[in-house]
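The values are calculated or read from the model by the stated rules, or taken from the named source; none is laboratory data. Note that this is a predicted model, so its numbers are computed, not measured. Note that each Cβ is placed from the backbone with ideal geometry, even for glycine, and that neighbours are counted across all protein chains shown.
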Amino acid sequence: MTAMTPCLDRSGFLPRLSSHHLSRERLSEPLLASTARVKLICAPAGSGKSALLADCLLQAPPQCRVCWLPLSGRVMSAADFRQNVAEALGLASSEEPAMLGALARLQAPTWLFLDDYCRVPNPELDQLLDRMLAVSSPALTWWLGARRRPQCNWPRLLLDDDLYECERATLAFNQTEIASLLRHLTPADASTAASKIIQLSGGWCAGVRVALLQKCDWSRNDPHHSRTDTLLDYLEHELFTSLTPELTEAWRVLAHLPRFNARLCDHLFGAGEGAQCLKTLQDLGCFIEPWQESADWLQIFPPLTQLMRDEQWPAGRSWHRRACQWFAAELDWKAAFEQALLAEEFEVAVSLLQHFSFEHLFEEQTVVLLLRLYEQQGDALMFGSPQLVGLITAASLFAGRFEQAADCIEQLARFTPQPSAILQRQLIARWQAQQGWLLHLQGRMDAASEHFRQALAELGTDAWQARLLCLSGQTQQALLCGEMELAQAINREALCLARAQGALLFEGLLELDHAQLLEQRGSPARAQSLLANMHELLCQQAQRPTPLLGRIALRQGRLALSMGQEEQAAVFFQRGLDDCLRSHDKRVLYGYLGQAQLAANRGDYTRAFVRLRDAERLMQQRHIPDTVYRGVLLQISSHFWLQQGRAELAREALSRVLNHYRGPQARQAPPATLELIPRIEYLLIIARDRSQPDAVEAAPQLESLMKQAHARGMFALATELQLALAEVLWCDGHTTKAIDVCQEGLRNVARYQTFQALNELRRRQPLLLQDEQTSLLSCQQLCSRAEATETLSQRELQVLKLIALGHSNQEIADALFISLHTVKTHTRRIHGKLRVERRTQAVAKAKLLGLCE
């Protein structure tokens, strides 16, 4: 609801907007532009309905009469409603026949705003409104804001183009809008704060307003900001006071469940009564929405569920116990397991794990729940079965708890000897697979490689999941050793096995290895397309595999950053960071690193180092060994120090970290950073050349590393090394040779799309590239051409060339022997990939990129 105030240029009292009001053209412009005579905004309390209606009212044409009717959601009779409408419009009579006639004859352009329509079901009132809408003159435009959708003949209005409905989801604030309200912060800090407010509030208008009122220090990384009772008070007055005690209790129960449907409600609240209770809550606009776009499952608006779960709930255990029973009967083991933990029925939770497989680890919160159970019932889990031990081991490795994983692996000895020699060998092979992964993640390559080899020699065909994990480990080791052909062969074998088993989650895991291979071979656009397709397939799963999607998003962010697509990279890094934080994935580290690199690209080194410190702090809070993060943190820090001219500091740090990867006790780099050691090596050469120019022969060392990378087919790394070589030649006074090497490097940047390496060189040596502006411009054009060429399929290129020749869609279909529908599909895809809207624009851009003559 909106406060009222006299309006000088219009008669009567009109709504007064808050002093903090933000006019949102993306919402008001479509409403104002629509010619429909009924504008409907239906959404729960605090969604900004009244403010949006008021915003539109204040933009009404001068010749248009406006009438604002604040109904306050109150219960009223049909007669009272007629009286209110008649008074607002100045009609002579409020009797229905006379009123309907007057509405039909209305000549003057009029906008009637019904703010906060009756909140409780009222069939008589809804039927009256329906009759009014049906007969009213086209000169009368109805603007209706409601929490409850009135029971009117909306389909008929929609078919007659008389209805424009503002979608509920669009009312939420987006990050840009929230950032614009944080004028006291710098743009970077405002963007970060807006992201955190989105996480807390989901963009819900009331939640955003409360978050802004808290005046938190949004620069902090702690997500648990001080919370007032304002939101709880708001819910008490705006939601619970309109519900019966039974409905209030039901809503609280549902808020503590991850998802629910009518059948679960019948189990919880009584057969027949539960489903009716749910329907009533939905009709009343009680923040109930589809769960992950499901047609069957529902959820309470997530920010409110978190709010309710933070409150004490003494009756919670019994409700969770009943929900556990229902999910178990439905064979929904993951949901039953979660409810058993919430009910503190730990023995039940342990027994439910017999139904889990490795793939369950990639469902939302499974790893977090398993680790929580281990903290409560560690011994019981270790005595359960080898399968339970394997699950906890995998969860521990995923989260980076290597000591805990080692303890679990040792417990497999409890299950020996097995009843037969075959079973004994299979158990040992599973132990070797788990031990191999632990050693692999700890950086002990030789021992891990031997365990993988021996495990694969013994594992049977029924142990295909363990075989896939061993093959993935071998792929990563081949990548770390620069053996691209071997890595590709192993990865192909693993993908064939995963597809033969119909194991999409494993396929997604293996495609991450494949993407690393493609990236290093200089095909980041292919890798990006591969991961985008896999993301689409995974999102079609019934259970959203959040941990895997988080890892894919982080890799997509890295690829986008490499190709110079910084806006896309920022979106991917934030998405991956959010998913990995929720999943307790150790690879959340790379979300922070990506954001730090983006900040450094803007020259905001303060922000960049803050993100690095945030990453280190989180790693330490979660007890992740420093071998996982220390090396890459120092490598990225050294990048920044060299850009700032602090070569001596970079030299000391890089020398120290390189010793960790050299010598008799050397460790391999973490699997997610296969270029870590080569990058440390070439950055150290640059740092030594800058700080001790007479002490090293930098150019020959870099030439040797570059030839080695080329020989291995690591073309992206070779391009980085080529740019580094140009830099040291420039710094050592070999100007002509430096420019020649730089020009060749620019051509390789265009070919392999390693734009980030070019950005880093520009930051370190801006004068080197200053004389190469023409070459740099052509490099950017070549990059765009390479990206577009690699993105467009061969068939799309054929269609594009025929479009450029002026052929119609039918002529193209005849020439290529394909259907007209297929031509239109290709055309739409071409427009999307080239980011244009019309054929003429597509042809112009294609000629600019050299895709057609």
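Residue-level check: of (1) of a type in the set (A, V, I, L, M); (2) in a helix (DSSP H, G or I); (3) within 24 Å of VAL368 (Cβ to Cβ), LEU561 misses just (3).
The number of residues in the range 345-362 that are farther than 17 Å from ALA542 by Cα and not in a helix (DSSP H, G or I) comes to 1.
Give the residue, chosen from PRO700, PRO664, that is outside any helix (DSSP H, G or I) and surrounded by fewer than 15 Cβ atoms within 10 Å (Cβ to Cβ).
Details: PRO700 fails: outside any helix (DSSP H, G or I).
That would be PRO664, the only listed residue that is outside any helix (DSSP H, G or I) and surrounded by fewer than 15 Cβ atoms within 10 Å (Cβ to Cβ).
Output the residue which, of all residues in the range 268-279 that are surrounded by fewer than 18 Cβ atoms within 10 Å (Cβ to Cβ) and touching a helix residue (DSSP H, G or I) at 6+ places or on another chain (Cβ under 7 Å), is farthest from HIS320 (Cα to Cα). The qualifying residue farthest from HIS320 (Cα to Cα) is GLY272.
In the set (1) at pLDDT 90 or above; (2) buried (at least 17 other Cβ atoms within 10 Å of the Cβ), the condition left unmet by ALA711 is number (2).
Quick grid of which residues meet (1) aliphatic (A, V, I, L, M); (2) not in a helix (DSSP H, G or I):
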residue: LEU725; (1), (2): yes, no
residue: LEU729; (1), (2): yes, no
residue: GLY733; (1), (2): no, yes
residue: ALA738; (1), (2): yes, no
residue: GLY745; (1), (2): no, no
residue: ASN748; (1), (2): no, no
residue: GLN756; (1), (2): no, no
residue: LEU761; (1), (2): yes, no
residue: LEU768; (1), (2): yes, no
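Name the single residue, out of those in the range 141-188 being touching a Gly at 6+ places or on another chain (Cβ under 6 Å) and part of a loop (DSSP other than H, G, I, E, B), that is farthest from GLU29 (Cα to Cα).
Taking the range 141-188 and keeping what is touching a Gly at 6+ places or on another chain (Cβ under 6 Å), we get 147-148, 171-173.
This time we only want the ones that are part of a loop (DSSP other than H, G, I, E, B), so: 147-148, 172-173.
Details: ARG147: 22, ARG148: 24, ALA172: 16, PHE173: 16 Å.
Top of the filtered list is ARG148.
The requirement of being within 25 Å of PHE755 (Cβ to Cβ), in a loop (DSSP other than H, G, I, E, B) and at pLDDT below 95 is fulfilled nowhere in the range 542-554; no residue meets it. Of the residues LEU518, LEU554, LEU530, the single one that is hydrophobic (A, V, I, L, M, F, W, C), in contact with a Lys or Arg (Cβ under 8 Å, 6 or more places away or on another chain) and surrounded by fewer than 23 Cβ atoms within 10 Å (Cβ to Cβ) is LEU518. In summary, ALA478 fulfils each of the numbered conditions (1) in a helix (DSSP H, G or I); (2) buried (at least 17 other Cβ atoms within 10 Å of the Cβ); (3) under 27 Å from the mean Cα position of the chain (by Cα) with the single exception of condition (3).
Within the range 489-520, being acidic (Asp, Glu), under 28 Å from THR719 (Cβ atoms) and either more than 20 Å from the chain's Cα centre (by Cα) or not in a helix (DSSP H, G or I) (or both) holds for ASP513, GLU519.
For first residues located in the range 163-181 and among the β-branched types (Val, Ile, Thr), partners that are surrounded by 21 or more Cβ atoms within 10 Å (Cβ to Cβ) and lie 6+ apart or on another chain with Cβ distances below 7 Å form the pairs ILE178/ALA194; ILE178/ILE197; ILE178/ILE198; ILE178/VAL208.
Using the structure shown, decide if ASP126 is in a helix (DSSP H, G or I), under 30 Å from GLY203 (Cα atoms) and either among the acidic types (Asp, Glu) or free of Cβ contacts under 8 Å to residues at least 40 places away in the same chain (or both). Walk me through it before giving the result.
On the way: in a helix (DSSP H, G or I): yes; under 30 Å from GLY203 (Cα atoms): no; either among the acidic types (Asp, Glu) or free of Cβ contacts under 8 Å to residues at least 40 places away in the same chain (or both): yes.
Answer is no for this residue.
Select from the range 577-611 the residues that are of a type in the set (Gly, Ala, Ser) and either touching a strand residue (DSSP E or B) at 6+ places or on another chain (Cβ under 8 Å) or farther than 20 Å from LEU518 by Cα (or both) and list them in ascending order. So that I can check it myself, show each step before the final result.
Let us first name the residues in the range 577-611 that are of a type in the set (Gly, Ala, Ser), namely 583, 591, 594, 596, 599-600, 603, 608.
Selection gives SER583, GLY591, ALA596, ALA599, ALA600, GLY603, ALA608.
Scoring ALA786 on the criteria (1) under 18 Å from LEU561 (Cα atoms); (2) modelled with pLDDT of 90 or more; (3) out of contact with any Gly (no Cβ under 9 Å at 6 or more places or on another chain); (4) among the hydrophobic types (A, V, I, L, M, F, W, C) leaves a single failure, condition (2).
Can you find a residue in the range 235-251 that is touching a strand residue (DSSP E or B) at 6+ places or on another chain (Cβ under 7 Å) and crowded, with 17+ Cβ neighbours inside 10 Å? Outline the logic, then answer.
Within the range 235-251, the subset touching a strand residue (DSSP E or B) at 6+ places or on another chain (Cβ under 7 Å) is none.
Scanning the range 235-251, I find no residue that is touching a strand residue (DSSP E or B) at 6+ places or on another chain (Cβ under 7 Å) and crowded, with 17+ Cβ neighbours inside 10 Å, so the answer is no.
Contact annotation: residue pairs with Cβ atoms under 6 Å, 6 or more positions apart or on different chains, pairing a residue in the range 86-106 that is surrounded by 13 or more Cβ atoms within 10 Å (Cβ to Cβ) with a partner that is polar (S, T, N, Q) and in a loop (DSSP other than H, G, I, E, B), are ALA86/SER94; LEU103/SER136; ALA104/SER137; LEU106/SER137.
Only strands (runs of 3 or more DSSP E) whose full extent lies in the range 1-60 are considered here, and the ones with at least 2 residues that are assigned by the TED database to the domain that holds ARG156 and modelled with pLDDT of 95 or more are 38-42.
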